[in-house]
Amino acid sequence: MANVTIRNLNKKYDGGFHAVKDVNLEIRDKEFMVLVGPSGCGKTTTLRMVAGLEEITSGEILIGAEVVNDLPPMDRNIAMVFQNYALYPHKSVYQNMAFGLQMRKYPKHEIEKRVREAAEILGIESLLERKPRQLSGGQRQRVAVGRAIVRHPEVFLFDEPLSNLDAMLRVQMRVELKRLHERLETTAIYVTHDQVEAMTLGDRVVVMKDGWVQQVGEPLELYGKPLNRFVAGFIGSPAMNFVDVTVSDSSGVLWADADGLRLKVPPQLVERVRAHAGKRIAIGVRPEALHLASGSDLPEYSFDTAVDVVEPLGNEILVNFRAGGAPMVARVDPAVRLKARQNIRVALDPERVHFFDDKSGAAI
Amino acid sequence: MLIERKWKKWLYFYLPMAVFILFTLFPFYWMAVTALRPDHELYRTWRQASATPFWTLEPTLEHFRGLLQTTAFPKWLWNTMLIALVSTVISLICGMFAGYALARLKFRGSEFLGTAIFVTYLVPQTLLFIPLADIIRDLHLGNTPWALMLTYPTFLIPFCTWLLMGYFKTIPKELEECARIDGATRFGAMVRIIFPVAIPGILSAGIFAFTLSWNEFIYALIFMSSADLKTVPVGVVSELIRGDIFFWGQLMAGALLGSIPVALVYSFFVEYYVTGLTGSVKG
């Protein structure tokens with residue numbers, strides 16, 4: 001069991017591409033840390049550097065108290081699960097799981113014991129004699145996980161392990177991985193591009209973009225208090241709505257104006273937004289912070305618009321419309337019947353409004 | 001769905017196929033018939049009333065007996081087998097390591113090296129034999145099996161390297177990365193994981209290399225002079241054509257016997273051989 005410390009980590013490829021920029025992370029013992037971001041954001045490169053499969057350009061990686069920069073992968077006491085499973089096609093399931101232990105010269109009975117134990121945890125006891133090509137995608141995934149857990153490593157590394165599974169199986173395996181982590185209590189670093197996976201699995205989540213860490217935090221913290229516009233837009237589905245507005249100060253009251261939209265800046269944000277008076281900033285509202293206006297809604301937090309498209313999902317209805325020159329989505333009660341081109345009045349929850357700097361994208 | 005008419009399938013598939021098979025197999029048939037034909041049938045004109053150019057009425061093993069008893073054919077067969085095997089093994093071992101390095105290791109000039117190896121394969125043997133003859137003489141290897149065992153790899157290694165490089169590239173990198181995390185060194189991962197997975201590719205490279213050295217003619221003709229040390233292709237041609245006399249029956253008997261080992265090798269490994277060329281690994 002160990003914590004993983006990453007200090008000022010950089011990766012520059014020979015071609016000059018700077019994939020990972022000054023990453024600092026402290027992954028605690030037994031923590032499940034998820035790295036998430038769009039493709040090319042450096043998350044996989046970071047993971048591969050922890051594994052020792054990619055050379056470190058500068059910075060330090062510590063597993064426990066030991067700097068592992070120059071240790072080969074085999075000496076880092078880690079186990080990794082790959083996206084394409086990377087099962088050895090010429091070995092049986094048993095041999096696949098035993099390989100790592102054989103390489104480390106474990107006695108035969110110990111190998112046998114550990115493989116059986118892992119197979120039981122994962123429910124693949126009946127498959128031990130099969131070859132990987134005789135297994136379904138989900139079974140291969142389990143074998144790949146089994147191969148990692150027999151080693152009892154200090155850190156698990158997962159590189160998009162669920163991406164090759166179909167949607168149903170992915171949800172099922174997601175739950176199993178979470179349960180497995182709770183049972184094994186081993187530090188885990190998990191890379192994914194799927195924000196739902198990140199939110200459901202991670203004790204904490206790291207959002208990355210263009211090689212930079214954007215924000216590190218618990219799932220609900222990322223959701224409720226995004227540090228910048230990128231995190232706000234990346235976490236949550238449907239994504240947060242953004243409208244570019246201009247702030248104006250009329251005798252002490254701040255207003256955010258856009259084309260056909262005039263909203264009062266909520267009192268809790270007035271102090272911080274005042275510095276941006278006269279400038280363009282972005283206002284961000286999550287779809288669930290919008291609702292159809294009723295009599296009790298204040299007019300300074302409401303606006304008129306027309307329905308564009310209605311997406312009835314059953315448990316909720318997503319209403320698409322335009323406001324302030326930008327497309328928006330509201331998540332509304334499924335009992336409401338709406339038609340395209342129908343005029344509606346939408347109100348927002350002033351407690352759940354975010355403002356972002358126009359240039360840096362940082363939250364205000 | 002389109003329903004094809006039967007006659008169309010016959011016209012566009014079976015008929016061209018039959019023509020093709022006839023075209024490729026006829027020389028072998030001719031070889032066999034000639035080898036089994038008695039001399040008096042061989043050397044009479046086709047215009048004779050009793051002539052049967054496409055089959056024989058009196059099959060005989062006389063030519064085979066002559067070939068095995070009056071010439072050093074069994075010795076040639078043994079020479080060819082030994083030389084082909086040794087040069088194939090040498091070339092495969094070198095090709096496996098070189099192919100792996102070119103496919104996986106990134107080092108300065110690796111692409112240039114790959115191209116350079118390929119270019120050496122393109123230099124015709126008819127040019128190379130002159131400098132090679134010089135080297136063989138300087139090393140005092142002339143007229144020994146080593147002359148061929150060491151010169152055949154000059155064209156076999158580039159060939160094996162390229163074929164195997166292509167095959168190694170189809171094997172997912174993650175396999176050896178996983179092995180390295182599992183506790184193998186880079187070399188260990190190569191030997192324990194990549195080579196076993198690449199067996200179809202290695203086998204087809206081996207079969208090709210074996211066939212190429214089995215059939216090789218020009219080096220064998222130049223570097224070997226004693227009748228006892230010759231290989232089948234050279235021996236048959238140089239000992240069974242005396243002046244302007246062709247011993248057709250024995251020539252064809254020799255050719256037939258000489259092609260059997262290669263045919264056997266192919267038929268045993270045909271499945272590996274096909275996957276080896278198309279290259280496929282499924283995790």
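Odds and ends about this structure:
- Per-residue mean of foreign Cβ neighbours for A:52-59 is 1 (Cβ atoms of other chains, 10 Å radius).
- Here segment A:1-158 is treated as a Stokes sphere of Kirkwood radius computed over C-alpha pairs; at 20 °C and 1.002 mPa s its diffusion coefficient rounds to 127 µm²/s.
- About its Cα centre, chain B has a charge dipole of approximately 780 debye under the convention of +1 per Lys or Arg Cβ and -1 per Asp or Glu Cβ, with nothing else charged.
- When the protein assembly as shown is described by a simple charge dipole with +1 on each Lys and Arg Cβ and -1 on each Asp and Glu Cβ, the residue from A:VAL247, B:ALA179, A:TYR94 located farthest towards its positive end is A:TYR94.
- Fully extending the segment from B:PHE54 to B:PHE13, taken as 0.36 nm per residue of separation minus the present Cα-Cα distance, adds 12.1 nm.
- Between segment A:245-274 and segment B:164-222, the alpha-carbon center distance in angstrom: 69 Å
- Residue by residue along B:181-193, Cβ atoms of other protein chains within 10 Å of the local Cβ number 6 on average.
- Ordered by the number of other Cβ atoms lying within 10 Å of each residue's own Cβ, fewest first, A:ASP304, A:ASP333 fall into the sequence A:ASP333, A:ASP304.
- Qualifying chymotrypsin sites (Phe, Trp or Tyr not before Pro) for segment B:90-154 [loop in DSSP, other Cβ within 10 Å: at most 12]: B:PHE107
- Against chain B, whose longest principal axis is taken from its Cα atoms, helix B:73-104 shows a tilt of about 20°.
- Net charge over other residues, Cβ less than 14 angstrom from the Cβ of B:PRO59 (K, R count +1; D, E count -1): -2
- Value at 222 nm in deg cm²/dmol, rounded to 500, when DSSP H runs of n ≥ 4 in chain A each add -39,500 (n - 2.57): -7500 deg cm²/dmol
- A Cβ-based charge dipole, computed about the Cα centre of segment A:34-178 with Lys and Arg at +1 and Asp and Glu at -1, lands at about 600 debye.
- For the peptides A:33-44, A:307-318, the ranking by mean Cβ contacts within 10 Å, running from highest to lowest, is A:33-44, A:307-318.
- Here segment A:241-357 is treated with +1 on each Lys and Arg Cβ and -1 on each Asp and Glu Cβ, and its dipole about the Cα centre works out to around 140 debye.
- Alpha carbon convex hull of the protein assembly as shown, volume per residue in cubic angstrom: 273 Å³
- Considering only A:VAL171, A:VAL247, A:VAL205, the mean-square fluctuation computed in a Gaussian network model of chain A, springs between alpha carbons under 10 angstrom, is largest for A:VAL171.
- Of B:PRO16, B:PRO74, B:PRO145, the residue with the greatest mean-square motion in the GNM of chain B, using alpha carbon springs below 10 Å, is B:PRO16.
- Proximal charge balance of B:PHE247 [Cβ under 15 Å; K/R count +1, D/E count -1]: -2
- Helix B:199-215 vs. chain B, principal-axis angle (Cα, 0 to 90°, nearest 10): 40 degrees
- The packing ranking of peptides A:116-128, A:232-244, B:18-30, highest mean first, is A:232-244, A:116-128, B:18-30, where packing means the average number of other beta carbon atoms within 10 angstrom of each residue.
- Remark: mean inter-chain Cβ contacts per residue of A:143-155 equal 1, using a 10 Å Cβ-Cβ cutoff to other protein chain atoms.
- Additional length obtainable on full extension of the chain from A:ALA277 to A:VAL67, 0.36 nm per residue less Cα span: 70.7 nm
- Two-site FRET efficiency, A:GLU300 against A:ASP358, from Cβ-Cβ distance with R₀ of 22 Å, rounded to 0.05: 0.45
- Loop-located chymotrypsin sites (Phe, Trp or Tyr not before Pro) in segment A:8-67 (DSSP state other than H, G, I, E, B) with a sparse environment of at most 14 neighbouring Cβ atoms within 10 Å: A:TYR13, A:PHE17.
- Straight-line reach from A:LYS225: taking Cα to Cα under 28 Å and skipping same-chain neighbours fewer than 8 places apart, the lysines in range are A:LYS21, A:LYS30, A:LYS43, A:LYS178, A:LYS209, A:LYS264, A:LYS279, A:LYS359.
- Taking all Cα pairs closer than 8 Å and separated by 6 or more residues, the relative contact order of chain A comes to 16 percent.
- Listed residues A:GLY146, A:GLY138, A:GLY295, most fluctuating in chain A (Gaussian network, C-alpha, under 10 Å): A:GLY295
- Among A:71-84, A:209-222, the order from most to least packed when residues are scored by Cβ within 10 Å on average: A:71-84, A:209-222
None of the figures in this text is laboratory data; all of them are computed from the coordinates on show. Bear in mind that the values here come from a model prediction, so they are computed numbers and not experimental data. Don't worry about glycine lacking a Cβ; one is built from the backbone with ideal geometry, like all the others, and counts go over all protein chains shown.
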